[in-house]
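*Asks:* Attaching a single structure in C-alpha cells format; questions to follow.
The values are calculated or read from the model by the stated rules, or taken from the named source; none is laboratory data. Please read these numbers as outputs of a predicted model, since none were measured by experiment. Note that each Cβ is placed from the backbone with ideal geometry, even for glycine, and that neighbours are counted across all protein chains shown.
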Amino acid sequence: MGKQAYQGPLERVGECVWRIPKSYKRGMRVDGLIFASERLIEQIRHDQAPEQVANVAFLPGIQRASLAMPDIHWGYGFTIGGVCATDPEQGGVISPGGVGYDINCGVRLVRTNLSRGEVAPVLERLVDALYRRVPAGVGRGGAYRFDAKELRRLMAEGARYLVGRGLASETDLEHTEARGCLAGAEPDLVSERAVARGAEQCGTLGSGNHFLEIQVVDEVCDDTAARALGLTRDQVCVMIHSGSRGLGYQVCDDALRDLRGVPARHGIELPDAQLACAPIESKEGRRYLGAMAAAGNFAWCNRQLLMTQTREVFAALFGRSASDLGMSLVYDVAHNIAKNEPHTIEGRERRVWVHRKGATRAFPPGHPEIPADYKAVGQPVLIPGDMGRASWVLVGQPGSMEQTFGTTCHGAGRAMSRTAALRASAGRRIDEELRALGVVARAQSWRGLAEEQPAAYKDVDEVVDVVHRAGLSRKVARMRPIGVIKG
Amino acid sequence: MYETFDHTADVGIRARAADLASLFRDAAQGLFALIAEPVAAAPSARRVELEVRGERADLLLFDWLSELLYLSERDRSILCDFAVELIEGGLRGRATAVPMEQARDALLREVKAITYHGLRVERAGAEWIAEFIVDV
C-alpha cells in the first residue's frame with residue numbers, strides 16, 4: 001500500500017462543504033461531508049483521506065454524516081481530522097480507532113504577562129532551559145514518580161488528583177476541558193502492560209508532532225473574545241501539545257486486540273480492520289470506554305505536569321514566581337477522544353458518542369460546559385499550526401452544534417509525508433532556517449525537525465479560514481512561534 | 001531487506017524475504033530503524049527471548065512487532081540483532097537489548113504502535129512481502 005490519490009466522488013454542496021454520497025460504496029450508512037476550501041480540497045484528494053471518510057460511514061449507529069475537518073489527512077482507519085457520532089439507541093458502536101492510539105492527545109495554552117521585548121534578550125537561554133527540564137523524545141523518563149496505587153487514583157480523578165499534590169490549582173481545572181476528568185474512568189481496566197509503559201512518562205512530551213512552543217500573540221481578530229481569554233497583542237504565551245504517552249497507546253492496542261473477531265460476531269461489515277468496533281453497550285465496548293477515560297485522565301495530568309515544569313523554568317529564569325509572571329492556563333482541549341454528549345438530531349435531543357480523531361470540541365457561547373469567564377464568548381479552541389508560521393486561538397460558534405456535533409479542526413494537517421519531508425530536507429539545516437524566521441528550536445534529532453518542518457504542513461491560516469467561514473469557530477488571535485522544543 | 005513507504009501522517013514499512021522467518025526478522029529491523037540509528041551491542045548486552053502465538057501470518061507479524069515495541073518501551077532499550085524461528089503455532093524470537101541511555105545519540109523517534117491499517121503478509125512468487133504502517 002502506497003500513497004494513492006482518491007478517485008471517488010466529491011460533490012460541492014456548500015461554500016466550504018464537499019459531499020461523498022452514500023451511494024459511493026455499498027455499506028455506507030450516511031454521506032461523508034468534508035469541510036474545505038477549493039484549494040484545500042485539491043490537496044485532500046492527493047491521498048486516501050476521503051476514502052477513509054467514506055469507510056467511517058460504515059459504522060453502525062452513525063448519525064447525520066461521517067464528517068471531516070479541513071485539516072484532514074490520511075490516517076489509519078479513521079482519517080486524521082475525522083468526526084463521527086454514534087447513537088447507542090440505534091446500535092451505535094464505539095471504535096478505538098476513532099480516538100487513536102494517543103488517547104486525549106491535546107493542546108493547552110498558558111498565558112504570561114511578559115511581552116516579546118522582555119523575552120527576546122533571554123530567548124535562547126529560556127529555550128535551552130526548557131529543553132533541559134522538560135523531557136522530550138524517545139526514552140526520556142519524567143521527573144515525577146507515581147506508584148501503582150497513586151497512578152490508579154490519578155487515572156480515576158484526572159487533573160484533580162494533582163491539586164491534592166500541590167501540582168495543579170482549582171483555576172487550572174476550571175480552564176481544562178471536562179475539568180480534566182472524564183467520568184466513567186476505570187483504572188482497573190488499564191492493563192499492567194499499559195501501566196508499565198506509562199508509569200514514568202507522566203510529565204513528558206514524547207516525539208513526532210508533539211511540542212512545547214513559546215509563542216507571541218501576533219494578531220488579534222476579536223478584541224472582546226481576546227480580552228475574555230486574557231490575550232493581547234505582543235504577549236508571550238506557551239503552547240503545549242502532548243497526550244497520554246505509552247499508557248494511552250497500550251490501552252488502544254489492548255482494546256483492538258480485545259476486539260478481534262467482535263465486529264464479525266455482531267454482523268458488522270468493515271472495510272478496514274483498523275475500524276474495529278463494538279456496540280457501546282457490549283462488554284467489549286464498556287471495557288474500552290472505562291480504560292479510554294482512565295487514559296484520557298492520565299493525559300490531562302501529563303499536560304498539567306508539562307505546564308508545571310514550564311512555569312518553574314520561567315520562574316527560575318526571570319527570578320519571579322509563576323503567578324507573578326501571570327502564568328495561568330488559558331485553556332486545555334482534547335483532540336483525540338470519544339465523549340458522550342447531548343446533541344439535537346432530527347429535532348430531538350439525544351445522547352451520542354462523538355468520536356473526535358484529530359478534531360477539537362468547539363462549543364458555542366452559553367454552553368453549560370464552558371467556564372464562567374468564557375461563557376459569553378464561547379469555548380476556547382487551540383489550533384497548533386507549524387513551527388515556522390503560526391498557531392491560532394479560536395472560540396466555538398453555534399454552527400458547530402448545527403453541523404459538526406460541536407466540533408472544529410485541530411491543526412494545520414500534514415501536506416507532506418514524513419519520508420517526503422526528509423527527502424526535501426536533504427542538504428538543509430531546518431534549525432537555521434527556523435532561526436532566520438526568528439524561531440529558536442531544540443530537538444532530540446535533526447530528523448525530527450526535518451519531518452516536522454513548516455513545509456510539511458498545510459497553511460494553518462487557510463485551514464482556520466474555512467472553519468471560520470463555515471461558522472464552526474471564530475478567529476480570536478494568531479500566535480507566532482519564537483521558541484520550539486521538539487522530541 | 002526492508003524499505004519505508006509514504007504515508008501522510010505516519011510511516012509505512014515494507015519487508016521482503018525468501019522465507020517467513022526472515023521476513024519477520026527484517027520487519028523488526030525496519031521497525032527499530034525508525035526508532036534509532038544502528039547501535040552496536042556490547043558482547044555483554046542482554047538477550048531477550050520471546051514466544052508469540054498465532055495462526056494467521058499477518059496477525060502473528062502484528063503481535064511480534066507489538067511485543068518488541070512494548071519490551072523496548074518498558075525496558076527503555078533499543079532492540080537489535082533479531083533472530084526468528086517458526087515453531088508450532090507461532091514463532092520464537094530473540095533480540096539484543098541496548099539500553100537507551102547508552103544509545104542516546106542514536107535515538108530518532110518514538111513509535112506509538114503498529115496499526116492494522118494496510119497490514120499484509122503475502123507470498124509473491126519466490127518471496128514473502130510484509131507491509132505495515134506504524135503510528136509515530
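*Asks:* Does the stretch A:400-409 contain any residue that is within 14 Å of chain B (Cβ to nearest Cβ), at positive phi and part of a loop (DSSP other than H, G, I, E, B)? Even if it seems obvious, please write down each step before you answer.
*Replies:* As a first pass, look at the stretch A:400-409 and keep what is within 14 Å of chain B (Cβ to nearest Cβ): none.
Within the stretch A:400-409, none of the residues are within 14 Å of chain B (Cβ to nearest Cβ), at positive phi and part of a loop (DSSP other than H, G, I, E, B).
*Asks:* Quick check on this structure: which one of B:Leu20, B:Leu50 is away from chain A (no Cβ under 13 Å), hydrophobic (A, V, I, L, M, F, W, C), touching a residue at least 40 places away in the same chain (Cβ under 8 Å) and surrounded by fewer than 17 Cβ atoms within 10 Å (Cβ to Cβ)?
*Replies:* Working: B:Leu20 fails: surrounded by fewer than 17 Cβ atoms within 10 Å (Cβ to Cβ).
Unique residue meeting the criteria: B:Leu50.
*Asks:* So A:Gly184 ticks every box in (1) more than 10 Å from chain B (Cβ to nearest Cβ); (2) more than 30 Å from A:Asp87 (Cβ to Cβ); (3) assigned to a loop (DSSP other than H, G, I, E, B) but one. Which box is left unticked?
*Replies:* (2) is the only condition that A:Gly184 fails.
*Asks:* Another question about this same structure. Which residue pairs have Cβ atoms under 8 Å apart, sit 6 or more places apart or on different chains, and have a first residue in the stretch A:212-227 that is farther than 23 Å from A:Gly388 by Cα and a second that is in a strand (DSSP E or B) and of a type in the set (D, E, K, R)?
*Replies:* A:Asp222/A:Arg474; A:Asp222/A:Lys475; A:Ala225/A:Arg474
*Asks:* Among the residues of the stretch A:177-188, is any under 20 Å from the mean Cα position of the chain (by Cα), more than 15 Å from A:Gly248 (Cβ to Cβ) and free of Cβ contacts under 8 Å to residues at least 60 places away in the same chain?
*Replies:* Among the residues of the stretch A:177-188, at least one is under 20 Å from the mean Cα position of the chain (by Cα), more than 15 Å from A:Gly248 (Cβ to Cβ) and free of Cβ contacts under 8 Å to residues at least 60 places away in the same chain, which makes the answer yes.
*Asks:* When A:Ala65 is evaluated against the numbered criteria (1) within 14 Å of another protein chain (Cβ to nearest Cβ); (2) of a type in the set (A, V, I, L, M, F, W, C); (3) within 18 Å of A:Arg356 (Cα to Cα), which criterion, by number, is the only one it fails?
*Replies:* (1)
*Asks:* Moving on. Test A:Gly92 against the criterion of being of a type outside the set (Lys, Arg) and modelled with pLDDT under 95, and give yes or no. Spell out the reasoning first.
*Replies:* Values: of a type outside the set (Lys, Arg): yes; modelled with pLDDT under 95: no.
So A:Gly92 fails the test.
*Asks:* Does B:Ile133 satisfy the criteria of being within 9 Å of chain A (Cβ to nearest Cβ), surrounded by 20 or more Cβ atoms within 10 Å (Cβ to Cβ), in contact with a His (Cβ under 7 Å, 6 or more places away or on another chain) and not small (Gly, Ala, Ser)?
*Replies:* On the way: within 9 Å of chain A (Cβ to nearest Cβ): yes; surrounded by 20 or more Cβ atoms within 10 Å (Cβ to Cβ): yes; in contact with a His (Cβ under 7 Å, 6 or more places away or on another chain): yes; not small (Gly, Ala, Ser): yes.
When the stated conditions are applied, B:Ile133 passes them.
*Asks:* Could you list all residues from the stretch B:100-127 that are of a type in the set (D, E, K, R) and within 11 Å of chain A (Cβ to nearest Cβ)? Walk me through how you get there before you give the answer.
*Replies:* Restricting attention to the stretch B:100-127, the residues satisfying the condition of being of a type in the set (D, E, K, R) are B:101, B:104-105, B:109-110, B:112, B:120, B:122-123, B:127.
Those that are of a type in the set (D, E, K, R) and within 11 Å of chain A (Cβ to nearest Cβ): B:Glu101, B:Arg104, B:Asp105, B:Arg109, B:Glu110, B:Lys112, B:Arg120.
*Asks:* Looking at the stretch A:95-127, which of the residues that are touching a Lys or Arg at 6+ places or on another chain (Cβ under 7 Å) and assigned to a helix (DSSP H, G or I) is nearest to the other protein chains (Cβ to nearest Cβ)?
*Replies:* Residues of the stretch A:95-127 touching a Lys or Arg at 6+ places or on another chain (Cβ under 7 Å): A:98-102, A:106, A:108, A:127.
If we keep only those that are assigned to a helix (DSSP H, G or I) as well, we get A:98, A:127.
Working: A:Gly98: 13, A:Val127: 20 Å.
Among those that are touching a Lys or Arg at 6+ places or on another chain (Cβ under 7 Å) and assigned to a helix (DSSP H, G or I), it is A:Gly98.
*Asks:* Could we say that A:Arg389 is assigned to a loop (DSSP other than H, G, I, E, B), of a type in the set (D, E, K, R) and farther than 23 Å from A:Leu33 by Cα here? Before the answer, list the steps.
*Replies:* Working: assigned to a loop (DSSP other than H, G, I, E, B): yes; of a type in the set (D, E, K, R): yes; farther than 23 Å from A:Leu33 by Cα: yes.
So A:Arg389 fits the description; yes.
*Asks:* Further question: Just to be sure, is B:Gly30 at positive phi and free of Cβ contacts under 8 Å to residues at least 40 places away in the same chain?
*Replies:* no
*Asks:* Further, regarding this structure: For the stretch A:257-272, name all the residues that are in contact (Cβ under 8 Å) with a residue 12 or more places away in the chain and over 22 Å from A:Pro88 (Cβ atoms).
*Replies:* Passing the criteria: A:Arg260, A:Pro271, A:Asp272.
*Asks:* Ok, one more. Does the stretch B:67-77 contain any residue that is basic (Lys, Arg), more than 10 Å from every other protein chain (Cβ to nearest Cβ) and over 27 Å from A:Thr79 (Cα atoms)? It would help to see each step written out before you state the result.
*Replies:* Keep residues of the stretch B:67-77 that are basic (Lys, Arg), which gives B:74, B:76.
If we keep only those that are more than 10 Å from every other protein chain (Cβ to nearest Cβ) as well, we get none.
There is no residue in the stretch B:67-77 that is basic (Lys, Arg), more than 10 Å from every other protein chain (Cβ to nearest Cβ) and over 27 Å from A:Thr79 (Cα atoms).
*Asks:* Turning to a different aspect of this structure: Could you look through the stretch B:109-136, keep only residues that are basic (Lys, Arg) and not in a strand (DSSP E or B), and pick out the one that is modelled with the highest pLDDT? Explain how you work it out, then say what you get.
*Replies:* Taking the stretch B:109-136 as the starting set, the residues that turn out to be basic (Lys, Arg) are B:109, B:112, B:120, B:123.
Filter once more, so that each one left must be not in a strand (DSSP E or B): B:109, B:112.
Values: B:Arg109: 91, B:Lys112: 95.
For the stretch B:109-136, the residue satisfying everything is B:Lys112.
*Asks:* Looking at B:Ala83, is it within 13 Å of another protein chain (Cβ to nearest Cβ), surrounded by fewer than 23 Cβ atoms within 10 Å (Cβ to Cβ), of a type in the set (Gly, Ala, Ser) and assigned to a strand (DSSP E or B)? Quick ask: steps written out before the conclusion?
*Replies:* On the way: within 13 Å of another protein chain (Cβ to nearest Cβ): no; surrounded by fewer than 23 Cβ atoms within 10 Å (Cβ to Cβ): yes; of a type in the set (Gly, Ala, Ser): yes; assigned to a strand (DSSP E or B): yes.
Criteria not met by B:Ala83.
*Asks:* Something else now. Check whether at least one residue in the stretch A:240-263 is at pLDDT 95 or above, in contact with a Phe, Trp or Tyr (Cβ under 9 Å, 6 or more places away or on another chain) and under 16 Å from A:Arg111 (Cβ atoms), and report yes or no.
*Replies:* Within the stretch A:240-263, one or more residues are at pLDDT 95 or above, in contact with a Phe, Trp or Tyr (Cβ under 9 Å, 6 or more places away or on another chain) and under 16 Å from A:Arg111 (Cβ atoms).
*Asks:* Can I ask one more? Collect the residues in the stretch A:413-434 that are loosely packed, with under 13 Cβ neighbours inside 10 Å, more than 14 Å from chain B (Cβ to nearest Cβ) and in a helix (DSSP H, G or I), keeping them in residue-number order.
*Replies:* Matches in the stretch A:413-434: A:Glu432 only.
*Asks:* I need the full set of residues from the stretch A:162-177 which are in a helix (DSSP H, G or I) and buried (at least 22 other Cβ atoms within 10 Å of the Cβ), in order please. Outline the logic, then answer.
*Replies:* Of all residues in the stretch A:162-177, those in a helix (DSSP H, G or I) come to A:162-164, A:170-174, A:177.
Listed by number, the residues that qualify are A:Leu162, A:Asp172, A:Leu173, A:Glu177.
*Asks:* Please work out which residue is farthest from the other protein chains (Cβ to nearest Cβ), limiting yourself to the stretch A:254-283 and to residues that are β-branched (Val, Ile, Thr) and in contact with a strand residue (DSSP E or B) (Cβ under 6 Å, 6 or more places away or on another chain).
*Replies:* Residues of the stretch A:254-283 that are β-branched (Val, Ile, Thr), as a first pass: A:262, A:268, A:280.
Checking which are in contact with a strand residue (DSSP E or B) (Cβ under 6 Å, 6 or more places away or on another chain) leaves us with A:262, A:280.
Details: A:Val262: 13, A:Ile280: 21 Å.
The selected residue is A:Ile280.
Table: residues versus (1) in a strand (DSSP E or B); (2) under 17 Å from B:Val136 (Cβ atoms); (3) in contact with a Cys (Cβ under 7 Å, 6 or more places away or on another chain).
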residue	(1), (2), (3)
B:Ala21	no, no, no
B:Phe24	no, no, no
B:Ala27	no, yes, no
B:Phe32	no, yes, yes
B:Ser44	no, no, no
B:Val52	yes, no, no
B:Glu55	no, no, no
B:Val98	yes, no, yes
